[in-house]
Ligand SMILES: [Zn+2]
């Protein structure tokens with residue numbers, strides 16, 4: 001469980017939120033007992049599916065007169081009990097559920113793929129050889145492929161490197177024969193239906209635009225469909241949230257930043273709230289009308305830095321029926337607490353605050369880049385930003401089924417898992433693109 005949040009989180013979870021949460025083992029034991037007994041009693045009542053999903057916290061006696069008690073047991077803000085808890089679900093093995101939930105392709109809204117393709121531009125088939133096997137093992141359907149420009153290229157080469165990253169992504173996708181760049185909601189659906197892997201090009205920090213609004217249109221035409229104004233840096237559009245509890249600029253967006261936001265919404269480019277400082281976040285909320293998107297972040301409740309988002313910000317996203325993608329590298333300030341359970345704690349926290357329809361995946365898998373760095377660069381990152389804490393069994397896309405298994409183990413029903421893995425992003429993408 002997560003640092004700080006954790007003990008309290010667990011207690012709070014047990015009492016208020018997860019009345020039926022159990023450990024996996026006891027859940028299995030309960031179900032066996034339930035089914036043994038049910039075999040003798042099924043003829044006498046219809047077993048309420050929600051009670052089966054509720055599992056181990058119930059005494060079998062409750063099942064007999066469940067009708068009056070079910071509502072109370074399921075009175076969570078997001079109703080995990082009601083979500084597809086059926087006899088079918090209970091009988092289906094966990095592995096079969098994982099396979100089925102991944103069969104149509106899951107959506108990860110943030111991955112630093114283009115920068116790696118650019119750095120390896122002299123090598124052929126990098127996507128097909130280094131990434132595709134992991135995407136396929138993870139049942140990945142759509143990835144937010146983020147253009148990011150490292151400091152060493154700025155300012156002079158920012159535009160060129162961004163264009164090269166886009167070019168590499170298209171070329172590598174074509175060579176792979178399995179991946180395609182998607183520009184519209186219809187193309188995303190088509191890609192998922194054809195069991196291919198789609199990329200939605202995103203821009204993390206508008207440095208490549210400089211302060212030229214015209215270039216926004218050019219990037220749109222090249223396929224960019226989501227833009228976060230800043231990384232942790234300051235640029236012509238605004239100020240990034242820093243990796244500390246306070247201390248970023250109290251200023252919101254610049255006039256250029258405000259123009260960009262308005263033009264993004266007009267063109268149909270998602271304005272991504274990840275990384276922006278708190279004042280900028282609020283300003284973007286006020287300037288836009290569509291569902292709010294935070295492609296990859298974590299809850300400050302568990303890791304209190306400005307780069308993550310506060311409960312108040314989470315609620316703003318909920319009011320606009322937006323989606324928050326949970327990041328895998330900033331779940332806790334402590335490595336030993338950076339676990340799959342902690343990742344799920346973030347999902348639960350967001351779902352408890354604003355509903356299960358507003359949380360998704362933004363893995364931000366970064367370990368493959370970090371491990372290529374020399375020690376000096378890792379040290380630089382630790383001093384300038386933070387040390388990323390990778391979750392051992394969630395470091396690349398082939399690990400995505402581990403998350404699904406964990407969600408099932410923690411009591412999420414099939415419908416809710418499907419929303420987290422895919423459905424919520426599809427809904428919001430449909431409203432923007
Ligand atoms: Zn980021």
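The values are calculated or read from the model by the stated rules, or taken from the named source; none is laboratory data. Since we're looking at a predicted model, the values are computed, not measured. Don't worry about glycine lacking a Cβ; one is built from the backbone with ideal geometry, like all the others, and counts go over all protein chains shown.
Annotations
- So residue 204, is it at negative phi and surrounded by 15 or more Cβ atoms within 10 Å (Cβ to Cβ): yes
- Of all residues making up the range 305-315, the number that are in a helix (DSSP H, G or I), in contact with a helix residue (DSSP H, G or I) (Cβ under 8 Å, 6 or more places away or on another chain) and surrounded by fewer than 21 Cβ atoms within 10 Å (Cβ to Cβ): 2
- Residues in the range 339-372 that are part of a loop (DSSP other than H, G, I, E, B) and either surrounded by 24 or more Cβ atoms within 10 Å (Cβ to Cβ) or within 16 Å of the ligand (Cβ to nearest atom) (or both): 362, 363, 364, 365, 366.
- Tally of residues being within 29 Å of residue 151 (Cα to Cα) and not in a strand (DSSP E or B) across the range 175-205: 3
- Residue within the range 296-304 that is touching a residue at least 60 places away in the same chain (Cβ under 8 Å), under 19 Å from residue 402 (Cβ atoms) and crowded, with 24+ Cβ neighbours inside 10 Å present: yes
- Of the residues in the range 208-223, not one is more than 20 Å from the chain's Cα centre (by Cα), within 23 Å of residue 156 (Cα to Cα), within 16 Å of the ligand (Cβ to nearest atom) and surrounded by fewer than 17 Cβ atoms within 10 Å (Cβ to Cβ).
- Condition check for residue 427: closer than 25 Å to residue 309 by Cα and at pLDDT 95 or above: yes
- Top-ranked residue in the range 294-304 [being in contact with a strand residue (DSSP E or B) (Cβ under 7 Å, 6 or more places away or on another chain) and in a loop (DSSP other than H, G, I, E, B); ranked as nearest to the ligand (Cβ to nearest atom)]: 298
- Tally of residues being more than 16 Å from the ligand (Cβ to nearest atom) and either touching a strand residue (DSSP E or B) at 6+ places or on another chain (Cβ under 8 Å) or at positive phi (or both) across the range 274-283: 1
- Options 255, 291; residue that is more than 16 Å from the ligand (Cβ to nearest atom) and either in contact with a strand residue (DSSP E or B) (Cβ under 9 Å, 6 or more places away or on another chain) or at positive phi (or both): 291
- Some residue of the range 252-264 being touching a residue at least 12 places away in the same chain (Cβ under 8 Å), in contact with a helix residue (DSSP H, G or I) (Cβ under 6 Å, 6 or more places away or on another chain) and closer than 30 Å to residue 334 by Cα: no
- Residue pairs whose Cβ atoms lie under 6 Å apart, sitting 6 or more positions apart in sequence or on different chains, and linking a residue in the range 228-240 that is more than 13 Å from residue 251 (Cβ to Cβ) to a partner that is within 11 Å of the ligand (Cβ to nearest atom) and not in a strand (DSSP E or B), are 228/274; 228/275; 231/205; 231/275; 232/385.
- Among the residues of the range 147-192, the ones that are buried (at least 24 other Cβ atoms within 10 Å of the Cβ) and touching a residue at least 60 places away in the same chain (Cβ under 8 Å) come to 2 in all.
- Verdict on residue 172 being within 18 Å of the chain's Cα centre (by Cα) and farther than 29 Å from residue 95 by Cβ: no
- Residues within the range 145-174 that are assigned to a helix (DSSP H, G or I) and either more than 16 Å from the ligand (Cβ to nearest atom) or in contact with a helix residue (DSSP H, G or I) (Cβ under 7 Å, 6 or more places away or on another chain) (or both), tallied: 19
- Test: residue in the range 247-257 that is under 14 Å from residue 144 (Cβ atoms), surrounded by 24 or more Cβ atoms within 10 Å (Cβ to Cβ) and at pLDDT 95 or above: no
- Residue within the range 321-332 that is farther than 23 Å from residue 200 by Cβ and either touching a helix residue (DSSP H, G or I) at 6+ places or on another chain (Cβ under 9 Å) or away from the ligand (no atom under 16 Å from the Cβ) (or both) present: yes
- Qualifying residues in the range 225-240 (those that are assigned to a strand (DSSP E or B) and closer than 21 Å to residue 201 by Cβ) - the one nearest to the ligand (Cβ to nearest atom): 228
- Being touching a strand residue (DSSP E or B) at 6+ places or on another chain (Cβ under 9 Å), closer than 20 Å to residue 432 by Cβ, away from the ligand (no atom under 16 Å from the Cβ) and part of a loop (DSSP other than H, G, I, E, B) is a condition met by at least one residue of the range 265-273.
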